[in-house]
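The values are calculated or read from the model by the stated rules, or taken from the named source; none is laboratory data. Computed from a predicted model, the values in this text were never measured in an experiment. Here the Cβ positions follow ideal geometry from the backbone for every residue, glycine too, while neighbour counts run over all protein chains shown.
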Amino acid sequence: QEQYLYGTNEWIPIEDKRDQALLLSDCITVFKHPDAKLVYQDGRKLDYWVSRKMIIPVNKENCLKSGIVSEKFAEQIPDSIVISIPKSKNYLSKQELFFLDFLSTYQWDRPLNVLNQGGDLNIGLRDYLMYEGFSCKFVPIKNKVQSLDVGLVDTDELYDKIVNKSCFDAVSREDYCVDYQNTYTFLGVMSLRSLFTSAANAFLAAGEKDRAEEMLDKCQQVLKPKEYPYDNSLLGWASNSLLPITMVKDYYALGKPEKAQALARELNKELLESIRFYLDFYSICKNDFEYNCNLIYYLANDVIREAGDKEFADEIANSLSDYLSAMQ
């Protein structure tokens, strides 16, 4: 296909004059037709994309047979789905075009998984993803996967992938040298704490408390704070500290206050150590200092106190006040 050669159609303009959903296969047919061109005032003729809303027929039998959708969700499978390109988006990238071309003949005969919720593919896929831990599966059921709230999920399949099919032995070893690249990968690019916490939230929402607790425990067994700290604000990932806070909240929800307190104490210790560092360089670290202080108050008041553990909440909140007083 000449239309896919390097340097050709790197960006494809979207010209949707009908504002109606069309079959994705028809959109591809128009794009590939030699006479279907967008003519500019300077005489240039360009290939273009004809619609923002694309209909993809669903082969229900193949969906079930290939394992894309479990039998438990069979009644939710529609005859077709519609993926939509945002109105603010005026061009398709070549990568997006490749993907749409593939989907135009997709028979739902094999699972299709994407990383990071589809990454840069902004063509409506995110509305039809199901969380599976390290990746998300494209499914014909509308769903919204958000950070720590994965929406509809096949809990049996998710549990099997994390517990039986994934191996974390190397990450959990304490005799390996964990350098910046490891930290960057497992706490930033592919956050394992986020994986375990998201899974725990999914199991908790499904009422599967034993599995939720197992995910939280496994997270601490795999990612030991000595190698993979809870507070990563010094590395530029301050939001990572919200993950152990969520874990504390989940432990309370599971009726495990002892585990919640133990984790909260470890996190609080790290936050106080970072606060001391930021205080020494306050003129250039003011925002980081204030952020970590706010995290401690959030942990104490919005999580621990809300869980009914008032005495321990006071202990955590007072630890910051006492620490700052001692530093003066």
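So here's what we get for this one:
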{"read-out": "Residue match in region 296-310 (condition: touching a residue at least 12 places away in the same chain (Cβ under 8 Å), part of a helix (DSSP H, G or I) and within 15 Å of LEU234 (Cβ to Cβ))", "value": "no"}
{"read-out": "Count of region 102-127 residues which are out of contact with any helix residue (DSSP H, G or I) (no Cβ under 8 Å at 6 or more places or on another chain) and under 18 Å from TYR91 (Cβ atoms)", "value": "2"}
{"read-out": "Qualifying residue in region 43-57 (condition: farther than 24 Å from LYS17 by Cα and either out of contact with any strand residue (DSSP E or B) (no Cβ under 7 Å at 6 or more places or on another chain) or surrounded by 15 or more Cβ atoms within 10 Å (Cβ to Cβ) (or both))", "value": "no"}
{"read-out": "Close pairs from region 211-234: first touching a residue at least 60 places away in the same chain (Cβ under 8 Å), partner of a type outside the set (A, V, I, L, M) and surrounded by fewer than 22 Cβ atoms within 10 Å (Cβ to Cβ), Cβ under 7 Å, at least 6 apart", "value": "ASP231/GLU270"}
{"read-out": "Index of the failed condition, ASP35 passing every other in (1) modelled with pLDDT of 95 or more; (2) part of a loop (DSSP other than H, G, I, E, B)", "value": "(1)"}
{"read-out": "Residue count for region 66-99, restricted to those that are under 21 Å from ASP154 (Cβ atoms) and without any contact (Cβ under 8 Å) to a residue 12 or more places away in the chain", "value": "2"}
{"read-out": "Matching option when the condition is out of contact with any Lys or Arg (no Cβ under 9 Å at 6 or more places or on another chain) and either more than 14 Å from ASP217 (Cα to Cα) or not in a helix (DSSP H, G or I) (or both), among LYS269, LYS259", "value": "LYS269"}
{"read-out": "Some residue of region 212-224 being of a type in the set (Lys, Arg), at pLDDT 95 or above, surrounded by 15 or more Cβ atoms within 10 Å (Cβ to Cβ) and more than 16 Å from ALA313 (Cα to Cα)", "value": "yes"}
{"read-out": "Strands (runs of 3 or more DSSP E) within region 44-162 that include 3 or more residues outside the structural domain of LEU242 (by TED's automatic domain parsing), touching a Ser or Thr at 6+ places or on another chain (Cβ under 7 Å) and not aromatic (Phe, Trp, Tyr)", "value": "53-57"}
{"read-out": "Considering residues of region 167-180 that are surrounded by 13 or more Cβ atoms within 10 Å (Cβ to Cβ) and not in a helix (DSSP H, G or I) only, the residue nearest to the chain's Cα centre (by Cα)", "value": "PHE168"}
{"read-out": "The listed residue being under 20 Å from GLY67 (Cβ atoms) and touching a residue at least 40 places away in the same chain (Cβ under 8 Å), out of GLY124, GLY133, GLY151", "value": "GLY133"}
{"read-out": "ASP250 being outside the structural domain of THR185 (by TED's automatic domain parsing), modelled with pLDDT of 95 or more, loosely packed, with under 14 Cβ neighbours inside 10 Å and in a helix (DSSP H, G or I)", "value": "no"}
{"read-out": "Hits in region 154-175 - residues which are without any contact (Cβ under 8 Å) to a residue 12 or more places away in the chain and over 26 Å from TYR128 (Cα atoms)", "value": "CYS167, ASP169, ALA170, ARG173, ASP175"}
{"read-out": "Residue among PHE186, PHE102 that alone is at negative phi and modelled with pLDDT of 90 or more", "value": "PHE102"}
{"read-out": "Some residue of region 186-194 being assigned to a loop (DSSP other than H, G, I, E, B) and either of a type outside the set (Asp, Glu) or crowded, with 17+ Cβ neighbours inside 10 Å (or both)", "value": "yes"}
